[in-house]
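Participant: Quick one: the structure is below, and I'll ask about it shortly.
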Number of protein chains: 2
Amino acid sequence: MNRLPVAERREQLIEAALAVASRDGIDAATVRAVAAEAGVSLGVVHYCFQDKDELLRAMAHAITSANLERSLGELPPEADDPESVIEGVIDALWAGIRDSRGPQLLSYELTTSSLRHAELNQVAIEQYRGQWAAAEQVLDLVERSAHVSWSVPRGTLARTVVAVIDGFSLAWLVDGDSEAARAGLQGFGRFLATVAVPSSLEADAAATLA
Amino acid sequence: MNRLPVAERREQLIEAALAVASRDGIDAATVRAVAAEAGVSLGVVHYCFQDKDELLRAMAHAITSANLERSLGELPPEADDPESVIEGVIDALWAGIRDSRGPQLLSYELTTSSLRHAELNQVAIEQYRGQWAAAEQVLDLVERSAHVSWSVPRGTLARTVVAVIDGFSLAWLVDGDSEAARAGLQGFGRFLATVAVPSSLEADAAATLA
DNA sequence: GGTTGTCTTGGTCGGTTGTCCAAGTCAAGT
DNA sequence: ACTTGACTTGGACAACCGACCAAGACAACC
(Lines give C-alpha, C1' and ligand atoms only; values in the text may rest on other atoms or scores of the structure.)
Protein backbone atom coordinates (compact mmCIF):
# COMPACT_ATOMS: atom_id res chain seq x y z
CA MET A 1 0.00 0.00 0.00
CA ASN A 2 1.12 3.49 -0.82
CA ARG A 3 2.12 5.51 2.18
CA LEU A 4 0.01 8.56 2.76
CA PRO A 5 -0.03 11.32 5.39
CA VAL A 6 -2.75 10.64 7.90
CA ALA A 7 -4.96 13.49 6.70
CA GLU A 8 -5.17 12.14 3.18
CA ARG A 9 -5.63 8.60 4.45
CA ARG A 10 -8.55 9.83 6.51
CA GLU A 11 -10.21 11.33 3.44
CA GLN A 12 -9.69 8.09 1.56
CA LEU A 13 -11.23 6.07 4.37
CA ILE A 14 -14.18 8.44 4.61
CA GLU A 15 -14.84 7.98 0.91
CA ALA A 16 -14.51 4.24 1.27
CA ALA A 17 -16.98 4.25 4.16
CA LEU A 18 -19.35 6.35 2.08
CA ALA A 19 -19.09 3.89 -0.81
CA VAL A 20 -19.70 0.83 1.35
CA ALA A 21 -22.54 2.37 3.34
CA SER A 22 -24.26 3.77 0.26
CA ARG A 23 -24.05 0.44 -1.52
CA ASP A 24 -24.78 -2.03 1.27
CA GLY A 25 -26.25 -0.03 4.13
CA ILE A 26 -24.91 1.52 7.29
CA ASP A 27 -24.67 -1.82 9.09
CA ALA A 28 -22.38 -3.15 6.39
CA ALA A 29 -19.94 -0.31 7.00
CA THR A 30 -17.82 -2.32 9.42
CA VAL A 31 -14.22 -1.43 10.09
CA ARG A 32 -13.12 -4.43 8.06
CA ALA A 33 -15.37 -3.68 5.10
CA VAL A 34 -14.17 -0.07 4.98
CA ALA A 35 -10.54 -1.15 5.17
CA ALA A 36 -11.11 -3.66 2.39
CA GLU A 37 -12.89 -1.10 0.23
CA ALA A 38 -9.99 1.29 0.68
CA GLY A 39 -7.49 -1.48 0.07
CA VAL A 40 -5.69 -0.97 3.38
CA SER A 41 -5.24 -3.32 6.28
CA LEU A 42 -7.38 -3.35 9.35
CA GLY A 43 -5.12 -1.43 11.70
CA VAL A 44 -4.99 1.60 9.44
CA VAL A 45 -8.55 2.57 10.29
CA HIS A 46 -7.81 2.73 14.01
CA TYR A 47 -4.59 4.56 13.29
CA CYS A 48 -6.54 7.30 11.51
CA PHE A 49 -9.66 7.30 13.67
CA GLN A 50 -9.88 6.82 17.41
CA ASP A 51 -13.21 5.04 17.14
CA LYS A 52 -15.48 3.50 14.57
CA ASP A 53 -17.93 6.17 15.68
CA GLU A 54 -15.45 8.89 14.79
CA LEU A 55 -15.27 7.43 11.30
CA LEU A 56 -19.04 7.32 11.03
CA ARG A 57 -19.32 10.89 12.25
CA ALA A 58 -16.80 11.98 9.64
CA MET A 59 -18.72 10.08 6.99
CA ALA A 60 -21.97 11.71 8.08
CA HIS A 61 -20.35 15.11 7.87
CA ALA A 62 -19.12 14.31 4.38
CA ILE A 63 -22.52 13.22 3.09
CA THR A 64 -24.20 16.20 4.68
CA SER A 65 -21.76 18.54 2.97
CA ALA A 66 -22.26 16.74 -0.33
CA ASN A 67 -26.04 17.00 -0.05
CA LEU A 68 -25.77 20.68 0.79
CA GLU A 69 -23.50 21.38 -2.17
CA ARG A 70 -25.76 19.44 -4.49
CA SER A 71 -28.84 21.33 -3.36
CA LEU A 72 -27.20 24.72 -3.80
CA GLY A 73 -25.50 23.79 -7.05
CA GLU A 74 -28.76 24.16 -8.96
CA LEU A 75 -28.61 26.82 -11.63
CA PRO A 76 -30.94 29.76 -11.26
CA PRO A 77 -33.66 29.02 -13.78
CA GLU A 78 -34.26 31.35 -16.71
CA ALA A 79 -38.01 31.68 -16.52
CA ASP A 80 -39.70 34.79 -15.20
CA ASP A 81 -43.05 33.70 -13.85
CA PRO A 82 -42.92 32.20 -10.34
CA GLU A 83 -44.62 28.95 -11.33
CA SER A 84 -41.98 28.11 -13.91
CA VAL A 85 -39.13 29.09 -11.63
CA ILE A 86 -40.43 26.86 -8.85
CA GLU A 87 -41.09 24.05 -11.29
CA GLY A 88 -37.54 24.23 -12.56
CA VAL A 89 -36.00 24.26 -9.11
CA ILE A 90 -38.07 21.27 -7.98
CA ASP A 91 -37.22 19.30 -11.11
CA ALA A 92 -33.53 19.91 -10.52
CA LEU A 93 -33.76 18.97 -6.83
CA TRP A 94 -35.71 15.84 -7.61
CA ALA A 95 -33.32 14.77 -10.34
CA GLY A 96 -30.50 15.03 -7.81
CA ILE A 97 -32.31 12.73 -5.41
CA ARG A 98 -33.46 10.24 -8.03
CA ASP A 99 -29.91 9.78 -9.28
CA SER A 100 -28.47 8.99 -5.85
CA ARG A 101 -30.66 6.33 -4.34
CA GLY A 102 -27.95 4.75 -2.20
CA PRO A 103 -26.73 7.93 -0.52
CA GLN A 104 -30.31 9.09 -0.07
CA LEU A 105 -31.23 5.91 1.77
CA LEU A 106 -28.03 6.18 3.76
CA SER A 107 -29.07 9.63 4.91
CA TYR A 108 -32.19 8.21 6.51
CA GLU A 109 -30.22 5.36 8.04
CA LEU A 110 -27.84 7.90 9.52
CA THR A 111 -30.69 9.95 10.92
CA THR A 112 -32.32 7.04 12.68
CA SER A 113 -29.00 5.67 13.90
CA SER A 114 -28.11 9.07 15.28
CA LEU A 115 -31.37 9.21 17.21
CA ARG A 116 -30.67 5.86 18.86
CA HIS A 117 -26.95 5.92 19.61
CA ALA A 118 -25.60 8.57 21.95
CA GLU A 119 -22.21 8.60 20.21
CA LEU A 120 -23.87 9.89 17.02
CA ASN A 121 -26.17 12.29 18.82
CA GLN A 122 -25.16 15.38 16.90
CA VAL A 123 -25.30 13.83 13.44
CA ALA A 124 -29.06 14.07 12.84
CA ILE A 125 -29.47 17.62 14.07
CA GLU A 126 -26.53 18.74 11.96
CA GLN A 127 -28.04 17.02 8.94
CA TYR A 128 -31.31 18.86 9.36
CA ARG A 129 -29.82 22.21 10.31
CA GLY A 130 -27.92 21.96 7.04
CA GLN A 131 -30.99 21.00 5.08
CA TRP A 132 -33.12 23.74 6.59
CA ALA A 133 -30.45 26.31 5.86
CA ALA A 134 -30.09 25.03 2.31
CA ALA A 135 -33.84 25.20 1.81
CA GLU A 136 -33.83 28.80 3.00
CA GLN A 137 -31.14 29.65 0.49
CA VAL A 138 -33.11 27.98 -2.29
CA LEU A 139 -36.17 29.95 -1.26
CA ASP A 140 -34.08 33.13 -1.40
CA LEU A 141 -32.92 32.14 -4.84
CA VAL A 142 -36.50 31.72 -6.02
CA GLU A 143 -37.43 35.05 -4.51
CA ARG A 144 -34.75 36.84 -6.50
CA SER A 145 -35.25 34.87 -9.71
CA ALA A 146 -39.01 35.16 -9.82
CA HIS A 147 -39.32 38.61 -8.23
CA VAL A 148 -41.61 37.43 -5.47
CA SER A 149 -41.71 37.46 -1.69
CA TRP A 150 -42.89 34.66 0.56
CA SER A 151 -46.03 35.46 2.52
CA VAL A 152 -45.00 32.87 5.11
CA PRO A 153 -42.03 33.09 7.49
CA ARG A 154 -38.89 31.87 5.78
CA GLY A 155 -37.99 29.35 8.49
CA THR A 156 -41.44 27.82 8.56
CA LEU A 157 -41.51 27.49 4.80
CA ALA A 158 -38.03 25.98 4.71
CA ARG A 159 -39.03 23.38 7.26
CA THR A 160 -42.04 22.50 5.17
CA VAL A 161 -39.96 22.21 2.01
CA VAL A 162 -37.58 19.79 3.68
CA ALA A 163 -40.41 17.79 5.20
CA VAL A 164 -42.23 17.39 1.89
CA ILE A 165 -39.10 16.41 0.00
CA ASP A 166 -38.19 13.96 2.76
CA GLY A 167 -41.64 12.40 2.71
CA PHE A 168 -41.84 11.92 -1.03
CA SER A 169 -38.25 10.68 -1.19
CA LEU A 170 -38.90 8.05 1.46
CA ALA A 171 -42.01 6.85 -0.34
CA TRP A 172 -40.04 6.69 -3.60
CA LEU A 173 -37.33 4.64 -1.94
CA VAL A 174 -40.01 2.19 -0.88
CA ASP A 175 -42.04 1.72 -4.06
CA GLY A 176 -39.69 3.20 -6.66
CA ASP A 177 -42.44 5.21 -8.34
CA SER A 178 -40.43 8.12 -9.70
CA GLU A 179 -43.35 9.60 -11.57
CA ALA A 180 -45.55 9.71 -8.49
CA ALA A 181 -42.77 11.44 -6.59
CA ARG A 182 -42.20 13.98 -9.32
CA ALA A 183 -45.90 14.65 -9.67
CA GLY A 184 -46.36 15.01 -5.92
CA LEU A 185 -43.47 17.41 -5.63
CA GLN A 186 -44.79 19.47 -8.53
CA GLY A 187 -48.15 19.58 -6.79
CA PHE A 188 -46.37 20.97 -3.75
CA GLY A 189 -44.67 23.45 -6.08
CA ARG A 190 -48.05 24.78 -7.18
CA PHE A 191 -48.92 25.26 -3.50
CA LEU A 192 -45.65 27.11 -3.01
CA ALA A 193 -46.61 29.44 -5.84
CA THR A 194 -49.78 30.35 -3.97
CA VAL A 195 -47.79 31.68 -1.01
CA ALA A 196 -45.49 33.73 -3.26
CA VAL A 197 -46.61 37.32 -3.75
CA PRO A 198 -45.12 39.78 -6.23
CA SER A 199 -42.27 41.86 -4.79
CA SER A 200 -42.85 45.51 -3.88
CA LEU A 201 -42.50 48.10 -6.63
CA GLU A 202 -39.19 49.43 -5.28
CA ALA A 203 -37.66 45.98 -5.18
CA ASP A 204 -38.94 45.29 -8.67
CA ALA A 205 -37.53 48.55 -9.96
CA ALA A 206 -34.18 47.90 -8.31
CA ALA A 207 -34.04 44.49 -9.83
CA THR A 208 -34.93 45.87 -13.24
CA LEU A 209 -32.27 48.63 -13.10
CA ALA A 210 -29.61 46.14 -12.00
CA MET B 1 -41.83 -20.05 33.44
CA ASN B 2 -45.47 -20.62 32.78
CA ARG B 3 -46.17 -22.99 29.97
CA LEU B 4 -48.02 -21.49 27.07
CA PRO B 5 -49.27 -22.80 23.74
CA VAL B 6 -46.94 -21.73 20.99
CA ALA B 7 -49.44 -19.26 19.48
CA GLU B 8 -49.74 -17.26 22.70
CA ARG B 9 -46.00 -17.46 23.26
CA ARG B 10 -45.49 -15.99 19.82
CA GLU B 11 -47.73 -13.06 20.65
CA GLN B 12 -45.87 -12.49 23.88
CA LEU B 13 -42.53 -12.54 22.08
CA ILE B 14 -43.79 -10.15 19.42
CA GLU B 15 -44.84 -7.72 22.12
CA ALA B 16 -41.50 -8.13 23.84
CA ALA B 17 -39.68 -7.46 20.59
CA LEU B 18 -41.84 -4.40 20.05
CA ALA B 19 -41.02 -3.14 23.52
CA VAL B 20 -37.28 -3.64 23.16
CA ALA B 21 -37.09 -2.21 19.66
CA SER B 22 -39.24 0.81 20.51
CA ARG B 23 -37.16 1.56 23.58
CA ASP B 24 -33.62 0.81 22.39
CA GLY B 25 -33.77 0.64 18.60
CA ILE B 26 -34.08 -2.13 16.07
CA ASP B 27 -30.44 -3.18 16.45
CA ALA B 28 -31.00 -3.80 20.15
CA ALA B 29 -33.79 -6.26 19.37
CA THR B 30 -31.50 -9.27 19.47
CA VAL B 31 -32.85 -12.74 20.12
CA ARG B 32 -31.34 -12.63 23.59
CA ALA B 33 -32.74 -9.21 24.45
CA VAL B 34 -36.22 -10.23 23.33
CA ALA B 35 -36.05 -13.46 25.34
CA ALA B 36 -34.91 -11.53 28.41
CA GLU B 37 -37.67 -8.94 27.97
CA ALA B 38 -40.24 -11.72 27.76
CA GLY B 39 -38.67 -13.55 30.69
CA VAL B 40 -38.10 -16.74 28.75
CA SER B 41 -34.92 -18.55 27.95
CA LEU B 42 -33.05 -18.25 24.72
CA GLY B 43 -34.22 -21.39 22.99
CA VAL B 44 -37.89 -20.43 23.25
CA VAL B 45 -37.51 -17.80 20.55
CA HIS B 46 -36.20 -20.31 18.05
CA TYR B 47 -38.87 -22.74 19.12
CA CYS B 48 -41.59 -20.22 18.24
CA PHE B 49 -39.93 -18.61 15.23
CA GLN B 50 -37.86 -20.29 12.56
CA ASP B 51 -35.64 -17.26 12.15
CA LYS B 52 -34.87 -13.99 13.80
CA ASP B 53 -36.13 -12.45 10.58
CA GLU B 54 -39.47 -14.18 11.01
CA LEU B 55 -39.75 -12.57 14.43
CA LEU B 56 -38.87 -9.16 13.00
CA ARG B 57 -41.38 -9.58 10.20
CA ALA B 58 -44.05 -10.47 12.73
CA MET B 59 -43.10 -7.44 14.80
CA ALA B 60 -43.28 -5.21 11.73
CA HIS B 61 -46.71 -6.56 10.93
CA ALA B 62 -47.81 -5.85 14.48
CA ILE B 63 -46.61 -2.26 14.48
CA THR B 64 -48.14 -1.65 11.05
CA SER B 65 -51.48 -2.95 12.25
CA ALA B 66 -51.24 -0.84 15.37
CA ASN B 67 -50.46 2.29 13.37
CA LEU B 68 -53.36 1.59 11.05
CA GLU B 69 -55.77 1.08 13.90
CA ARG B 70 -54.58 4.23 15.59
CA SER B 71 -55.00 6.31 12.44
CA LEU B 72 -58.51 5.06 11.82
CA GLY B 73 -59.51 5.26 15.45
CA GLU B 74 -59.93 9.01 15.23
CA LEU B 75 -63.43 10.19 15.98
CA PRO B 76 -65.24 12.00 13.20
CA PRO B 77 -65.07 15.63 14.25
CA GLU B 78 -68.19 17.56 15.02
CA ALA B 79 -67.54 20.71 13.02
CA ASP B 80 -69.26 21.39 9.73
CA ASP B 81 -66.94 23.67 7.78
CA PRO B 82 -64.13 21.82 5.99
CA GLU B 83 -61.35 23.83 7.59
CA SER B 84 -62.39 22.85 11.11
CA VAL B 85 -62.90 19.22 10.17
CA ILE B 86 -59.44 19.00 8.63
CA GLU B 87 -57.92 20.83 11.58
CA GLY B 88 -59.48 18.38 14.00
CA VAL B 89 -58.34 15.33 12.08
CA ILE B 90 -54.78 16.61 11.83
CA ASP B 91 -54.65 17.47 15.53
CA ALA B 92 -55.78 13.97 16.40
CA LEU B 93 -53.31 12.33 14.02
CA TRP B 94 -50.47 14.45 15.31
CA ALA B 95 -51.31 13.75 18.92
CA GLY B 96 -51.10 10.05 18.17
CA ILE B 97 -47.63 10.46 16.72
CA ARG B 98 -46.34 12.80 19.40
CA ASP B 99 -47.32 10.36 22.13
CA SER B 100 -45.49 7.42 20.61
CA ARG B 101 -42.00 8.61 19.84
CA GLY B 102 -40.31 5.23 20.22
CA PRO B 103 -42.63 3.27 17.93
CA GLN B 104 -42.60 6.11 15.43
CA LEU B 105 -38.82 6.06 15.23
CA LEU B 106 -38.93 2.28 15.03
CA SER B 107 -41.17 2.55 11.99
CA TYR B 108 -38.51 4.48 10.12
CA GLU B 109 -35.83 2.05 11.26
CA LEU B 110 -37.96 -0.80 9.94
CA THR B 111 -38.45 0.95 6.62
CA THR B 112 -34.74 1.54 6.03
CA SER B 113 -33.82 -1.94 7.27
CA SER B 114 -36.38 -3.45 4.94
CA LEU B 115 -34.87 -1.59 1.99
CA ARG B 116 -31.42 -2.98 2.73
CA HIS B 117 -32.02 -6.56 3.79
CA ALA B 118 -33.62 -8.95 1.33
CA GLU B 119 -35.22 -11.01 4.10
CA LEU B 120 -37.33 -8.00 5.11
CA ASN B 121 -38.08 -6.95 1.56
CA GLN B 122 -41.86 -6.92 1.89
CA VAL B 123 -41.98 -5.04 5.17
CA ALA B 124 -41.55 -1.51 3.85
CA ILE B 125 -43.99 -1.81 0.98
CA GLU B 126 -46.60 -3.33 3.29
CA GLN B 127 -46.06 -0.46 5.74
CA TYR B 128 -46.69 2.11 3.07
CA ARG B 129 -49.53 0.29 1.34
CA GLY B 130 -51.20 0.28 4.75
CA GLN B 131 -50.51 3.96 5.34
CA TRP B 132 -51.70 4.99 1.91
CA ALA B 133 -54.89 2.99 2.33
CA ALA B 134 -55.43 4.49 5.78
CA ALA B 135 -54.89 7.98 4.42
CA GLU B 136 -57.49 7.32 1.74
CA GLN B 137 -59.97 6.23 4.38
CA VAL B 138 -59.28 9.35 6.42
CA LEU B 139 -59.79 11.44 3.30
CA ASP B 140 -63.11 9.67 2.75
CA LEU B 141 -64.06 10.40 6.32
CA VAL B 142 -63.34 14.09 5.84
CA GLU B 143 -65.33 14.09 2.61
CA ARG B 144 -68.38 12.74 4.38
CA SER B 145 -67.99 14.80 7.55
CA ALA B 146 -67.42 18.12 5.82
CA HIS B 147 -69.63 17.50 2.78
CA VAL B 148 -66.82 18.14 0.30
CA SER B 149 -65.14 16.32 -2.54
CA TRP B 150 -61.47 16.27 -3.34
CA SER B 151 -60.59 17.96 -6.60
CA VAL B 152 -57.43 15.83 -6.82
CA PRO B 153 -57.29 12.06 -7.37
CA ARG B 154 -57.71 10.25 -4.07
CA GLY B 155 -54.56 8.16 -4.45
CA THR B 156 -52.39 11.14 -5.27
CA LEU B 157 -53.74 13.09 -2.34
CA ALA B 158 -53.29 10.14 0.03
CA ARG B 159 -49.68 9.78 -1.04
CA THR B 160 -49.13 13.46 -0.35
CA VAL B 161 -50.76 13.24 3.07
CA VAL B 162 -48.49 10.37 4.08
CA ALA B 163 -45.41 12.11 2.70
CA VAL B 164 -46.10 15.34 4.56
CA ILE B 165 -46.83 13.60 7.84
CA ASP B 166 -43.71 11.46 7.42
CA GLY B 167 -41.56 14.50 6.71
CA PHE B 168 -42.75 16.54 9.65
CA SER B 169 -42.59 13.53 11.97
CA LEU B 170 -39.01 12.83 11.02
CA ALA B 171 -38.02 16.44 11.61
CA TRP B 172 -39.77 16.35 14.96
CA LEU B 173 -37.91 13.20 15.95
CA VAL B 174 -34.69 15.04 15.20
CA ASP B 175 -35.21 18.39 16.92
CA GLY B 176 -38.18 17.65 19.17
CA ASP B 177 -40.01 20.83 18.21
CA SER B 178 -43.62 19.71 18.65
CA GLU B 179 -45.00 23.16 18.03
CA ALA B 180 -43.24 23.52 14.70
CA ALA B 181 -44.54 20.13 13.64
CA ARG B 182 -48.09 20.96 14.66
CA ALA B 183 -47.93 24.35 12.94
CA GLY B 184 -46.48 22.85 9.78
CA LEU B 185 -49.12 20.16 9.61
CA GLN B 186 -51.87 22.72 10.16
CA GLY B 187 -50.41 24.75 7.32
CA PHE B 188 -50.70 21.68 5.16
CA GLY B 189 -54.25 21.31 6.39
CA ARG B 190 -55.10 24.77 5.08
CA PHE B 191 -53.69 23.70 1.72
CA LEU B 192 -55.85 20.59 1.85
CA ALA B 193 -58.87 22.81 2.40
CA THR B 194 -58.11 24.59 -0.87
CA VAL B 195 -58.43 21.36 -2.85
CA ALA B 196 -61.71 20.47 -1.15
CA VAL B 197 -64.75 21.70 -3.02
CA PRO B 198 -68.39 21.51 -1.92
CA SER B 199 -69.87 18.20 -2.98
CA SER B 200 -72.29 19.69 -5.51
CA LEU B 201 -69.51 21.35 -7.48
CA GLU B 202 -67.48 18.18 -7.82
CA ALA B 203 -67.76 17.84 -11.57
CA ASP B 204 -66.90 21.49 -12.15
CA ALA B 205 -63.72 21.38 -10.09
CA ALA B 206 -62.53 18.13 -11.58
CA ALA B 207 -62.71 19.71 -14.99
CA THR B 208 -60.82 22.80 -13.88
CA LEU B 209 -57.96 21.22 -11.94
CA ALA B 210 -56.12 18.36 -13.48
C1' DG C 1 -50.03 -44.75 36.49
C1' DG C 2 -47.81 -44.80 32.49
C1' DT C 3 -47.34 -42.78 27.93
C1' DT C 4 -47.26 -39.38 24.51
C1' DG C 5 -46.33 -35.07 22.72
C1' DT C 6 -45.81 -30.21 23.71
C1' DC C 7 -43.03 -26.86 25.73
C1' DT C 8 -38.78 -25.38 28.24
C1' DT C 9 -34.01 -25.29 29.66
C1' DG C 10 -29.14 -24.22 29.56
C1' DG C 11 -25.36 -24.79 27.13
C1' DT C 12 -22.46 -25.06 22.83
C1' DC C 13 -21.01 -23.89 18.25
C1' DG C 14 -19.05 -21.15 14.44
C1' DG C 15 -18.88 -16.62 12.80
C1' DT C 16 -18.47 -11.58 13.06
C1' DT C 17 -17.55 -7.45 15.42
C1' DG C 18 -14.60 -3.45 17.56
C1' DT C 19 -10.37 -2.84 19.66
C1' DC C 20 -5.66 -3.28 20.49
C1' DC C 21 -0.66 -4.21 19.90
C1' DA C 22 4.11 -5.65 18.82
C1' DA C 23 6.70 -5.79 15.02
C1' DG C 24 7.91 -4.26 10.61
C1' DT C 25 8.60 -0.74 6.73
C1' DC C 26 9.68 3.40 4.79
C1' DA C 27 11.01 8.40 4.03
C1' DA C 28 13.19 12.38 5.79
C1' DG C 29 16.53 14.84 8.52
C1' DT C 30 21.20 15.01 10.65
C1' DA D 1 25.09 6.06 7.22
C1' DC D 2 22.24 6.35 10.99
C1' DT D 3 18.63 7.84 13.74
C1' DT D 4 14.07 9.36 14.36
C1' DG D 5 9.35 9.42 13.75
C1' DA D 6 5.46 8.56 10.80
C1' DC D 7 2.95 4.97 8.75
C1' DT D 8 1.71 -0.04 7.89
C1' DT D 9 0.99 -4.85 8.78
C1' DG D 10 -1.26 -9.09 10.31
C1' DG D 11 -2.73 -11.33 13.98
C1' DA D 12 -4.82 -11.77 18.62
C1' DC D 13 -8.36 -10.84 21.89
C1' DA D 14 -12.84 -10.65 24.31
C1' DA D 15 -17.52 -9.82 23.49
C1' DC D 16 -21.58 -10.62 21.16
C1' DC D 17 -24.41 -12.49 17.63
C1' DG D 18 -27.87 -16.16 15.43
C1' DA D 19 -28.46 -20.83 15.32
C1' DC D 20 -28.77 -25.33 17.15
C1' DC D 21 -29.49 -29.43 20.21
C1' DA D 22 -29.87 -33.01 23.76
C1' DA D 23 -32.14 -33.43 27.78
C1' DG D 24 -35.51 -32.31 31.16
C1' DA D 25 -40.27 -30.76 32.79
C1' DC D 26 -44.93 -30.64 32.42
C1' DA D 27 -49.94 -31.46 31.18
C1' DA D 28 -53.28 -34.26 28.96
C1' DC D 29 -54.95 -38.50 27.69
C1' DC D 30 -55.42 -43.65 27.53
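The values are calculated or read from the model by the stated rules, or taken from the named source; none is laboratory data. Not measured: the values here are computed from a predicted model. Ideal geometry is used to build each Cβ from the backbone, glycine not excepted, and the neighbour counts take in all protein chains shown. Protein only, heavy atoms only, side chains kept; ligands, DNA and RNA dropped before computing areas. Shrake-Rupley method; radii C 1.70, N 1.55, O 1.52, S 1.80 Å.
Participant: What distance in nm separates the simple spin-label points at A:ARG154 and B:GLU179, each placed 7 Å from Cα in the Cβ direction?
Facilitator: About 2.1 nm separates the two model spin labels.
Participant: Seen from all sides and averaged, what is the projected area of the convex hull of the Cα atoms in the protein assembly as shown, in nm²?
Facilitator: Across all orientations, the protein assembly as shown yields a mean hull projection of 24.9 nm².
Participant: What accessible area per residue comes out for the protein assembly as shown, rounded to a whole number of Å², with a 1.4 Å probe?
Facilitator: On a per-residue basis, the protein assembly as shown sits at 48 Å².
Participant: Leaving ligands, DNA and RNA out of it, report the carbon-plus-sulfur percent of the accessible area of segment B:1-49 at a 1.4 Å probe.
Facilitator: 51
Participant: Can you tell me the 0 to 90 degree angle between the C-alpha axis of helix B:101-116 and the longest principal axis of chain B, rounded to 10?
Facilitator: 80
Participant: About the Cα centre of chain B, how large is the charge dipole given +1 on each Lys and Arg Cβ and -1 on each Asp and Glu Cβ? Please answer in debye to the nearest 20.
Facilitator: Computed about the Cα centre, the dipole is about 720 debye.
Participant: Here's something else I'd like to know. Taking each pair of different alpha-carbon atoms in segment A:63-209 once, compute 1/r for the pair, average those values, and report the inverse of that mean as the Kirkwood hydrodynamic radius in Å to one decimal.
Facilitator: Result for segment A:63-209, one decimal place: 16.1 Å.
Participant: Also, I was wondering about something else. Report, in degrees rounded to the nearest 10, the 0 to 90 angle that the Cα long axis of helix B:52-72 makes with the longest principal axis of chain B.
Facilitator: 30
Participant: Shortest first and in nm to one decimal, what separations exist between B:HIS147 and its copies in the other chains, measuring from label points 7 Å along the Cα-to-beta-carbon line?
Facilitator: 4.5
Participant: I'd like the FRET efficiency for A:ALA28 and B:GLU126, computed as 1/(1 + (r/R0)^6) with the beta carbon distance as r and R0 of 41 Å, rounded to 0.05.
Facilitator: 0.95
Participant: Using 5 Å bins from zero, what percent of all Cα-Cα pairs in segment B:1-122 falls into each bin?
Facilitator: Going out from 0 Å in 5 Å bins, segment B:1-122 shows 2, 11, 19, 18, 16, 12, 9, 6, 4, 3, 1, 0 percent.
Participant: Quick one: Karplus J couplings for segment A:11-27, per residue in order, coefficients 6.51, -1.76, 1.60, θ = phi - 60°, nearest Hz, x for Gly and Pro?
Facilitator: Those phi angles translate into 4, 4, 5, 4, 5, 5, 4, 4, 5, 4, 5, 5, 7, 10, x, 5, 5 Hz.
Participant: Just from its helices, what would the mean residue ellipticity at 222 nm be for chain A, if runs of 4 or more DSSP H residues each count -39500 (n - 2.57) and the sum is divided by every residue, rounded to the nearest 500 deg cm²/dmol?
Facilitator: Rounded to the nearest 500, it is -25500 deg cm²/dmol.
Participant: Starting from the Cα of A:HIS61, step 7 Å along the direction of its Cβ; do the same at B:ARG101; then give the gap between the two resulting points in nm.
Facilitator: Modelled inter-label distance: 2.7 nm.
Participant: Here is a follow-up. Working from Cα positions, state the angle (0 to 90°, nearest 10) between the long axis of helix B:178-194 and the longest principal axis of chain B.
Facilitator: Roughly 40 degrees, rounded to the nearest 10.
Participant: Let me ask you something else. Leaving out ligands, DNA and RNA, calculate the buried accessible area for the pair B and A with a 1.4 Å probe, summed over both sides, in Å² to the nearest 100.
Facilitator: Separately minus together, B and A give about 3000 Å² buried.
Participant: Please give the residues of segment A:1-36, grouped as numeric ranges, whose backbone N is less than 13 Å from a label point set 7 Å along the Cα-to-Cβ vector of A:HIS46.
Facilitator: A:31-32, by backbone N distance to the label point.
Participant: Along its three principal axes, how long is segment A:1-49 when you only count alpha carbons? Whole Å, largest extent first please.
Facilitator: 28, 17, 16
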